[in-house]
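The values are calculated or read from the model by the stated rules, or taken from the named source; none is laboratory data. What you are looking at is a predicted structure, and each value in this text was computed from that prediction instead of being measured. All Cβ positions, glycine included, derive from the backbone under ideal geometry; neighbour counts span all protein chains shown.
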Amino acid sequence: MEQTCSSAKALVDGKEMFAHACKVGLEGVVSKVRDSHYPSGRASDWVKKTCAQRETLTIAGFALDGKDWDGIYLGRRKGNDLIYAGKVDHGFDKKSSTELRERLTPLIQKTQPYTKRIAHKGIWVEPELLAEIEYVPNLLRERSAIRFSKVYARIYEHNRLGLS
């Protein structure tokens, strides 16, 4: 069952309200123009703004659709374990996907680097590179993995960040 939080009236600055919603981990806010009515159906007076978050995750592999780039598989480190976090299949252009594939190809290995195997068929790599990812938390749906929306050009090597 989905849950929503609402308030009878919030007479605070919209930017302040949005910043607070993101700070406390909400998915975002839905608001309307203060003096507008409540029409039935869609109306432009209502606005939904989602809180995007960033996280640096370990690249565990990549996927191809035939010969075409289809994204990267990511993991979160928990001690010595690498736990599946999701797949990023958006936010790549031709140049960035080609460059990333060139960096990942020398790291290809036969087995998944995850502590607990997943059912996905990927091209697995040594978990040496990190990617900074932007996503909107999917708080209302019970899923173990995040659906990521954008990958940033920052790809790090673990050693450069002092990570083990």
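If we keep just the residues of region 105-120 that are touching a Phe, Trp or Tyr at 6+ places or on another chain (Cβ under 8 Å) and surrounded by 14 or more Cβ atoms within 10 Å (Cβ to Cβ), which is modelled with the lowest pLDDT?
In this case the residue turns out to be H120.
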Of the residues K94, K67, K49, K116, only one is within 18 Å of the chain's Cα centre (by Cα) and not polar (S, T, N, Q); which? K49
For region 61-81, check the following and say yes or no: at least one residue is touching a Leu at 6+ places or on another chain (Cβ under 8 Å), assigned to a loop (DSSP other than H, G, I, E, B) and free of Cβ contacts under 8 Å to residues at least 60 places away in the same chain. no
W46 fails exactly one of (1) within 14 Å of I123 (Cα to Cα); (2) outside the structural domain of H120 (by TED's automatic domain parsing), namely (1)
In the list Y84, Y156, which residue meets the criterion of being at pLDDT 90 or above, part of a strand (DSSP E or B) and not aliphatic (A, V, I, L, M)? Y84
Yes/no for P137 being at pLDDT 75 or above, in a loop (DSSP other than H, G, I, E, B) and surrounded by 15 or more Cβ atoms within 10 Å (Cβ to Cβ): no
Breaking point among (1) loosely packed, with under 11 Cβ neighbours inside 10 Å; (2) charged (D, E, K, R); (3) in contact with a strand residue (DSSP E or B) (Cβ under 9 Å, 6 or more places away or on another chain); (4) closer than 22 Å to I133 by Cβ, for E102: (3)
